[in-house]
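Single-structure report; data block below.
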Amino acid sequence: MRRPRVAVLPALPALPALLLGGCAVPETDVIEAGGPAAVEVYPYPTTGMVLFFRSSEGRLMPVVRFEEDAPDVPTEADTPGVSTPETLATLFAGPLPGEREAGLTGGLPDFPSEGVARSVTHPRGGVEVTLPIALAELDDLAVRQVVCTVAFTEDAEARTRVRLRGTDTALPSAGCGVTVDLGGTPTSATPATG
């Protein structure tokens, strides 16, 4: 049985025309297709924490850090995850050198040397955080930094309502309400109050 021969030679002159045919296609402008996609941020393992710092544009910027000494898989003696007081101490300590080089700033006052944040479940739901500072020292963005950091510490989806209490006053309960996008900028005006 003989195999049929394929006529390749007559098609060879047309090959360069096929390969170079796209060279005369005119350029087009960039077409805007909307904002960047939203992405949810969940630190893994449970030793991770989400901290909110300020970008150079004055917006909230999430940073995920991991606690090196915490066990990846907690034992019965361990509590899962990083505690709210630990996370707040890390937030108030400010950005690390590499984070500062990326344009992030803290925007929060220093904790007093004996200062420790406390966190308890609020009777009406959510959590109440007592800070060793006067809340009058915090601007609106600083309040959002603390509320969002606590909300992500308490609940991976940041649905927990947070009430801040300082040495001078207590603020109404607030939610984070921040969507983290691939462009790196959360998109929300202010925390919801209630």
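Every read-out reported here was derived from the displayed coordinates using simple, explicitly stated rules and does not represent laboratory data. As the structure is a prediction and not an experimental result, all values here were calculated from the model. Note that each Cβ is placed from the backbone with ideal geometry, even for glycine, and that neighbours are counted across all protein chains shown.
Tabulated results
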| item | result |
| --- | --- |
| Neighbourhood charge, 11 Å Cβ-Cβ cut-off, centred on G125 and excluding it, Lys, Arg +1 and Asp, Glu -1 | +3 |
| For A174, distant residues with modelled amide H under 5 Å away | V162, R163 |
| Peptide ranges 118-129, 161-172 listed from the most packed, as the mean C-beta count within 10 angstrom indicates | 161-172, 118-129 |
| Phi-based couplings in Hz for segment 50-67 (Karplus 6.51, -1.76, 1.60; Gly and Pro marked x) | 9, 10, 10, 10, 9, 7, 5, 8, x, 10, 6, 10, x, 10, 9, 10, 10, 7 |
| For segment 53-68 versus segment 102-146, the gap between their alpha-carbon centres in whole angstrom | 15 |
| Contour excess over end-to-end distance, with Cα ends at V64 and R100 and 0.36 nm allotted per residue | 11.5 nm |
| Sum of side-chain charges, R163 neighbourhood, beta-carbon under 11 Å (Lys, Arg +1; Asp, Glu -1) | +2 |
| Neighbourhood charge, 11 Å Cβ-Cβ cut-off, centred on L138 and excluding it, Lys, Arg +1 and Asp, Glu -1 | -3 |
| Percentage, to the nearest whole number, of Cα pairs in segment 106-161 over 14 Å apart | 58 |
| Cβ crowding within 10 Å averaged over residues, with 90-102, 147-159, 50-62 ranked highest first | 147-159, 50-62, 90-102 |
